[in-house]
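Undergrad: Let me give you the structure first, and then I'll get to my questions.
The values are calculated or read from the model by the stated rules, or taken from the named source; none is laboratory data. The shown structure was predicted, so the numbers you read here are calculated from the model rather than taken from an experiment. Methodologically, a virtual Cβ is constructed for each residue, glycine included, from the backbone with ideal geometry; neighbour enumeration extends over all protein chains shown. These accessible areas exclude ligands, DNA and RNA; they are computed on the full protein's heavy atoms, side chains included. Shrake-Rupley method; radii C 1.70, N 1.55, O 1.52, S 1.80 Å.
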Amino acid sequence: MTSETASLLNKYYDYFENKSFIENDPISIPHKFTKKEDIEIAGFLSATIAWGNRKAIISSCNNLMERMDNAPYDFIINASKNDISSINGFYYRTFQNDDVFYFIHSLHNIYKNHKGLEYVFLEGYNSSKTERIKHSISYFHNIFFEKQYPQRVTKHVANPAKGSAAKRINMFLRWMVRSNNKGVDFGLWKDISTSELIIPLDVHVGNTARKLNLIDSKSNNWNTAENLTNQLRKLDSNDPVKYDFALFGISNSKISL
């Protein structure tokens, strides 16, 4: 990595990670809540449908929260079959009724029988001494699908054990784990190290990283996400994924490189 690239990434990380970032990003949805479980569930659902136009994502996430009475944890735990009918008609692109119904069912199981989202990810994280985030996500994937599920739902929850970059789950983990010192991410999960997080690799981040010669693979898979994260660790070994703000911001703002 050249000194010019390092300076550019640090410049745009400082520029983009601030509270003004929140309004036009899906992270704005969990920021509507103060209860830990509400933040987790709103964050997980918002990250799950975070692909495509950001305004459309945010609009659909707000619609989903309204259908859950703007109390996602209480809805997940206590909603009756009649209450859950409020979800009927919800869709965002390929994320539709059957998907939401299973997500509610699985999240209910996770909070009732597995102590919640943080505990499940932490169990997987602590199950290995190497590639801990990969193990964390794969373990979560297994728990999430331990109930009978429609096959169509599987496309909405990535599994790095099968090579997926798991962009949306890595983004959710960034939200939950990274410090809230700048008021953007939440820093709720204290037992997962920011040093081991993996960059949320999507087409925008990948394209910017290639322009900066940080990666050369043309595939946005798990290995590429790990390789990019290792490059970013050269700049900050304790918090490499903070450069997600720079890489995404450069692409989203169409900054010339």
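Undergrad: Do any residues in region 180-196 that are free of Cβ contacts under 8 Å to residues at least 24 places away in the same chain have Cβ atoms under 8 Å from those of residues that are surrounded by 17 or more Cβ atoms within 10 Å (Cβ to Cβ) and among the aromatic types (Phe, Trp, Tyr), where the two are at least six apart or on different chains, and which pairs are they?
TA: Short answer, once both residue conditions are applied: Asn180/Phe186.
Undergrad: Output the qualifying pairs, or none if there are none: Cβ atoms under 6 angstrom, residues six or more apart or on different chains, first residue in region 16-34 and of a type in the set (Ser, Thr, Tyr), second residue surrounded by 12 or more Cβ atoms within 10 Å (Cβ to Cβ).
TA: Sorted first by the residue in region 16-34, then by its partner, the pairs are Ser28/Ile22.
Undergrad: Oh, and also: Are any residues in region 213-225 open to solvent by less than 40 Å² (accessible area, probe 1.4 Å) and under 16 Å from the mean Cα position of the chain (by Cα), and if so, which ones?
TA: Trp222, Ala225
Undergrad: Could you count how many residues in region 155-167 are farther than 19 Å from Gly43 by Cβ, without any contact (Cβ under 8 Å) to a residue 24 or more places away in the chain and not in a helix (DSSP H, G or I)?
TA: So the count comes out to 1.
Undergrad: Do you know which of the residues in region 23-45 that are among the β-branched types (Val, Ile, Thr) and surrounded by 15 or more Cβ atoms within 10 Å (Cβ to Cβ) is farthest from Phe95 (Cα to Cα)?
TA: Result: Ile39.
Undergrad: Which condition number in (1) open to solvent by less than 80 Å² (accessible area, probe 1.4 Å); (2) of a type in the set (Lys, Arg); (3) in contact (Cβ under 8 Å) with a residue 40 or more places away in the chain is the one that Arg210 fails?
TA: Only one criterion in (1) open to solvent by less than 80 Å² (accessible area, probe 1.4 Å); (2) of a type in the set (Lys, Arg); (3) in contact (Cβ under 8 Å) with a residue 40 or more places away in the chain is unmet by Arg210, namely (3).
Undergrad: Got a sec? Which of Ser256, Ser251 is open to solvent by 20 Å² or more (accessible area, probe 1.4 Å), modelled with pLDDT under 95, assigned to a helix (DSSP H, G or I) and on the phi < 0 side of the Ramachandran plot?
TA: Ser251
Undergrad: Right, something else. Output the helices (runs of 4 or more DSSP H) that fall wholly within region 38-154 and possess 3 or more residues being among the hydroxyl-bearing types (Ser, Thr, Tyr), or say none.
TA: It comes to 97-113, 132-144.
Undergrad: With Leu257, Leu214, Leu232 as the choices, which residue is touching a Pro at 6+ places or on another chain (Cβ under 7 Å) and more than 16 Å from Phe172 (Cβ to Cβ)?
TA: After ruling out the rest, the residue left standing is Leu232.
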